[in-house]
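Undergrad: One structure, as structure tokens, below. Some questions next.
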Amino acid sequence: MTYKKLILQTADYLKIILYFCFKYSIMKKFITLLVCAFIFNSCDDGDISLDTFNFDPAASINSCSINNGLFFKVKNNEALILKTPITTFANTVTAVNSPRTIVINSSNQVIYRLFNSIISSSYFCASLPPATPAVVDEWNASDGISGASGLIQVTTTQILNPTTNAITGYNHYVVFKNITFSNGVNTFTYENYVYGNYVTTP
């Protein structure tokens with residue numbers, strides 16, 4: 001093999017090596033871009049999409065021992081909160097098919113909260129709000145319109161002792177009517193949402 005041919009072959013080899021290096025570099029950049037695009041699309045701006053929640057309607061509505069107008073239901077890391085004066089649950093029996101109706105407003109609020117870990121009833125009854133768990137998403141019920149939307153309906157009945165027929169308490173059955181929740185960006189509506197039962201003593 002002559003020196004000239006050796007030089008030519010070496011040049012050809014270098015071209016092949018450079019070609020594959022170039023292809024590898026392009027492929028590496030392409031894969032990197034794909035990975036970045038995947039990560040970008042997998043993440044959002046922190047908003048959590050929500051179009052429904054489900055709290056057991058048979059579970060009792062909770063409150064603190066010193067009632068501060070805060071009523072709530074807890075499920076794992078979720079809470080459905082009702083802020084309303086205690087007079088909403090007056091020990092007065094409502095007429096058949098005529099529930100006590102309260103319009104959602106600044107004094108009567110319904111709030112859904114999602115936390116970053118499991119919560120318990122003690123979270124709401126602490127003298128000072130605990131630092132953890134933290135709220136990661138909150139949806140507030142929109143203000144209602146009397147007779148139309150955003151209504152809290154309470155049906156009150158007596159709880160009687162089966163033996164003596166004496167009144168032992170009052171059961172307040174709570175239903176939200178045409179209630180719309182919003183997180184400031186998205187909304188969803190329940191035509192009829194059973195919140196559950198709250199019991200008071202005579």
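The values are calculated or read from the model by the stated rules, or taken from the named source; none is laboratory data. Owing to the predicted nature of the structure, the values given are computational and were not obtained by experimental measurement. Glycine also receives a Cβ, built like all others from the backbone with ideal geometry; neighbour counts cover every protein chain displayed. Note: areas computed on protein heavy atoms with side chains; ligands, DNA, RNA excluded. Shrake-Rupley method; radii C 1.70, N 1.55, O 1.52, S 1.80 Å.
Undergrad: On the basis of being touching a strand residue (DSSP E or B) at 6+ places or on another chain (Cβ under 9 Å), part of a loop (DSSP other than H, G, I, E, B) and polar (S, T, N, Q), does S107 make the cut?
TA: In short, yes.
Undergrad: Here is a list: F176, F188. Which entry is more than 24 Å from C64 (Cβ to Cβ), open to solvent by less than 20 Å² (accessible area, probe 1.4 Å) and either among the aromatic types (F, W, Y) or free of Cβ contacts under 8 Å to residues at least 24 places away in the same chain (or both)?
TA: F188
Undergrad: Given the options N116, N140, name the one that is at pLDDT 95 or above, open to solvent by 40 Å² or more (accessible area, probe 1.4 Å) and closer than 24 Å to T87 by Cβ.
TA: None of the other options fit; the residue is N140.
Undergrad: Scan region 86-103 and report the pairs whose first residue is over 26 Å from I66 (Cβ atoms) and whose second residue is among the small types (G, A, S) and exposed (fewer than 14 other Cβ atoms within 10 Å of the Cβ), with Cβ atoms within less than 7 Å and a gap of 6+ or a chain change.
TA: From residues that are over 26 Å from I66 (Cβ atoms), the pairs are V103/S146.
Undergrad: Hey, another quick one. Would you tally the residues in region 67-99 being open to solvent by 50 Å² or more (accessible area, probe 1.4 Å) and more than 18 Å from the chain's Cα centre (by Cα)?
TA: Of the residues in that region, 12 qualify.
Undergrad: Considering each of I167, I152 in turn, give the residue that is within 22 Å of T201 (Cβ to Cβ), modelled with pLDDT of 95 or more and open to solvent by less than 60 Å² (accessible area, probe 1.4 Å).
TA: Answer to the check: I152.
Undergrad: Out of I119, I111, I152, which single residue is under 17 Å from K73 (Cα atoms) and without any contact (Cβ under 8 Å) to a residue 40 or more places away in the chain?
TA: Result: I111 is the single residue among I119, I111, I152 that is under 17 Å from K73 (Cα atoms) and without any contact (Cβ under 8 Å) to a residue 40 or more places away in the chain.
Undergrad: Just checking, does region 45-67 include any residue being under 25 Å from G147 (Cα atoms), not in a loop (DSSP other than H, G, I, E, B) and not acidic (D, E)?
TA: Looking for residues that are under 25 Å from G147 (Cα atoms), not in a loop (DSSP other than H, G, I, E, B) and not acidic (D, E), one finds none in region 45-67, hence no.
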